[in-house]
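Note sheet for the following structure.
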Amino acid sequence: MPEETRLPSCPRCGQRVARLVYGRVRPSEELQRALDAGEVVLAGCVVESSRWCCTGCGERYVDAPAPGPEEQP
Ligand SMILES: [Zn+2]
């Protein structure tokens with residue numbers, strides 16, 4: 001399974017962790033779909049080192065956290 005379709009989950013609350021997208025983004029169907037699916041979070045124009053954001057508690061991560069035990073094959 002491609003890595004893109006498997007998002008990590010937050011080690012703190014177990015919710016899905018989405019990719020942070022910095023800067024101005026042009027609205028598109030693909031972006032909207034990703035936003036609706038909770039796969040990406042718009043982070044604004046202030047670029048930080050974090051690349052991931054929890055959709056539950058809002059914790060940000062520089063590196064994608066490892067998937068939870070339930071997601072291990
Ligand atoms: Zn969380």
Scan of the range 15-38 for residues that are open to solvent by 50 Å² or more (accessible area, probe 1.4 Å) and assigned to a loop (DSSP other than H, G, I, E, B), ordered by number: Gln15, Arg24, Val25, Arg26, Pro27, Ser28
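Quick grid of which residues meet (1) at pLDDT below 95; (2) within 15 Å of the ligand (Cβ to nearest atom):
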{"residue": "Arg6", "(1), (2)": "yes, no"}
{"residue": "Cys10", "(1), (2)": "yes, yes"}
{"residue": "Arg16", "(1), (2)": "yes, yes"}
{"residue": "Val25", "(1), (2)": "yes, no"}
{"residue": "Ala43", "(1), (2)": "yes, no"}
{"residue": "Cys57", "(1), (2)": "no, yes"}
Every pair of residues 6+ apart whose Cβ atoms lie under 6 Å, when the first sits in the range 37-66 and is free of Cβ contacts under 8 Å to residues at least 40 places away in the same chain while the second is among the small types (Gly, Ala, Ser) and surrounded by fewer than 15 Cβ atoms within 10 Å (Cβ to Cβ): Cys45/Gly23; Val62/Ser49; Val62/Ser50
Given (1) at pLDDT 90 or above; (2) open to solvent by 70 Å² or more (accessible area, probe 1.4 Å), index of the condition Pro69 fails: (1)
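The values are calculated or read from the model by the stated rules, or taken from the named source; none is laboratory data. Note that the structure is predicted; figures quoted are calculated from it, not measured. So basically every Cβ, Gly included, is an ideal-geometry build from the backbone, and we count neighbours across all protein chains shown. Accessible surface areas use protein heavy atoms only, side chains included; no ligands, DNA or RNA. Shrake-Rupley method; radii C 1.70, N 1.55, O 1.52, S 1.80 Å.
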